[in-house]
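Read-outs throughout are calculated quantities, based only on the coordinates presented, and are distinct from any laboratory measurement. The structure displayed is predicted, hence computed values, not measured ones. All Cβ positions, even for glycine, are placed from backbone atoms using ideal geometry, and neighbour counts span all protein chains on display.
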Amino acid sequence: MFPVSRFCRQSVVLRRWARRYAHTESNAGPKTASFGFKTVKEEEKEDLVKNVFDSVATSYDLMNDATSFGVHRLWKDEFVSSLNPGKKGPMKCIDVAGGTGDIALRILDHAREKFADRETTVEVVDINGQMLGEGYKRFKKTMYHNTPQVSFHEANAQALPEAHFQDNTYDLYTIAFGIRNCTSIPSVLEEAYRVLKPGGTFACLEFSKVNNPLMSMLYDQYSFSVIPLLGTILAGDRDSYQYLVESIRKFPPQPEFAKMIRDAGFTTGKDEDGGAWVDLWGGIACIHKGVKV
């Protein structure tokens with residue numbers, strides 16, 4: 001088993017090098033990234049996204065409830081239930097782009113309530129300090145506050161500081177409704193692969209592609225007309241919610257994202273609903289999983 005794992009790690013390193021070399025050779029000009037429907041310089045996107053989440057941090061949960069009619073809570077419940085933390089004993093988890101702490105809290109509650117597990121830990125990581133502040137306030141109201149079970153760290157998902165986030169450390173890596181906001185999705189996936197233990201699970205909950213044409217049309221009409229309006233009314237910020245709607249449309253469809261997960265070194269199920277991914281509400285949201293070999 002060890003030689004196979006070592007070979008796979010070497011293959012991943014070679015793929016990373018080849019991709020970076022090809023990118024360098026084929027792009028003489030400045031690198032660009034999408035910011036919603038806009039194209040911006042790659043180095044500008046991080047600050048632009050930070051400004052969005054600085055703006056929406058205090059109203060983030062309220063807006064999620066309003067724009068999804070509370071359905072996002074059901075999706076997050078299903079996401080964590082599908083991972084079943086605690087079933088195989090205490091786990092060391094990292095929840096990335098998890099500033100408000102709602103996934104981390106669900107993981108700890110599930111492990112405690114289902115399996116009487118009070119040893120599972122979650123490290124909550126977010127690039128945005130204000131979002132982390134909201135999560136910290138949430139956890140101050142829980143039994144997990146000031147315990148070793150939860151901690152908060154400001155860090156970039158694309159380059160987690162290796163001194164703290166060491167190789168082969170975590171049993172479970174989760175990222176919910178966050179990876180589409182990162183400048184380089186492949187870099188995030190590579191970091192996830194690096195910090196997970198062999199046999200560890202990468203799990204992503206993200207908005208995705210609606211496959212039913214009628215449902216897709218209705219969803220687009222709602223997204224582009226109602227959500228920015230709610231952003232204006234409830235958060236006083238139309239532009240940030242316009243970006244968030246646009247960022248969903250720029251995220252890769254299910255088969256393409258599943259391939260990106262495999263390119264980072266993970267194994268997945270077949271390229272179909274119920275295999276490499278599980279569609280929620282017709283693909284409005286989607287759960288992707290991969291296992292580090």
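Given the options V71, I107, S55, identify the residue whose Cα lies farthest towards the positive end of the charge dipole of the chain (+1 on Cβ of Lys, Arg; -1 on Cβ of Asp, Glu).
I107
Restricting to DSSP loop positions (anything but H, G, I, E, B) with no more than 16 other Cβ atoms inside 10 Å of their own Cβ, which trypsin sites (Lys or Arg not before Pro) remain in segment 47-131?
On the way: sites: K50, R73, K76, K87, K88, K92, R106, R112, K114, R118; in loops: K87, K88, R118.
Answer by residue number: K87, K88, R118.
Expressed as a whole number of Å, what is the distance separating the alpha-carbon centroids of segment 159-223 and segment 57-89?
Here the answer is 15 Å between Cα centres.
So what is the 222 nm mean residue ellipticity for the chain from helices alone, if each DSSP H run of at least 4 adds -39500 (n - 2.57) and you divide by all residues, rounding to the nearest 500 deg cm²/dmol?
Helix contribution divided over all residues of the chain: -15500 deg cm²/dmol.
Rounded, prolate or oblate for segment 34-141? Axes are the square roots of the Cα gyration tensor eigenvalues, ordered a ≥ b ≥ c, and the cut-off for rounded is a/c under 1.5.
Judged from the Cα gyration tensor, segment 34-141 comes out prolate (a/c at least 1.5, a/b above b/c).
In segment 233-293, which GluC sites (Glu not before Pro) are in a loop and have at most 15 other Cβ atoms within 10 Å, using DSSP for the loop call?
Details: sites: E246, E256, E272; in loops: E272.
Here the sparse-neighbourhood loop sites are E272.
Can you tell which of T268, T232, T142 shows the greatest fluctuation in a Gaussian network model of the chain with Cα springs below 10 Å?
Of T268, T232, T142, the Gaussian network model singles out T142 as fluctuating most.
Which residues make up the longest stretch of the chain that has no chymotrypsin sites (Phe, Trp or Tyr not before Pro) in a DSSP loop with at most 12 other Cβ atoms within 10 Å?
Working: sites that count: F37, F69.
My reading of the result: 70-293 is the longest stretch.
Say we join alpha carbon atoms closer than 10 Å with springs in a Gaussian network model of the chain; which of D239, D95, D263 then has the biggest fluctuation?
D239
Mind scanning K38/K76; K140/K209; K38/K92 and naming the pairs with a C-alpha gap bigger than 31 Å?
Over 31 Å apart, Cα to Cα: K140/K209; K38/K92.
Who wins for biggest fluctuation among A163, A66, A176 in a Gaussian network model of the chain, springs between alpha carbons below 10 Å?
Of A163, A66, A176, the Gaussian network model singles out A163 as fluctuating most.
Let me check the size of the chain from its C-alpha atoms; what are the radius of gyration and Dmax in Å?
Spelled out, the Cα radius of gyration and Dmax of the chain are 18.7, 58 Å.
How large, in Å, is segment 183-293 by the Kirkwood hydrodynamic radius built from its alpha-carbon pairs?
15.2 Å
For the chain, list the DSSP H helices whose alpha carbon atoms reach 20 Å or more along the long axis and whose average Kyte-Doolittle value is -0.5 or above? Spell out each step's value before the answer.
Numbers: long enough: 2-26 (36 Å, -0.64); 42-56 (22 Å, -0.93); 213-230 (25 Å, 0.85).
Passing helices, by number: 213-230.
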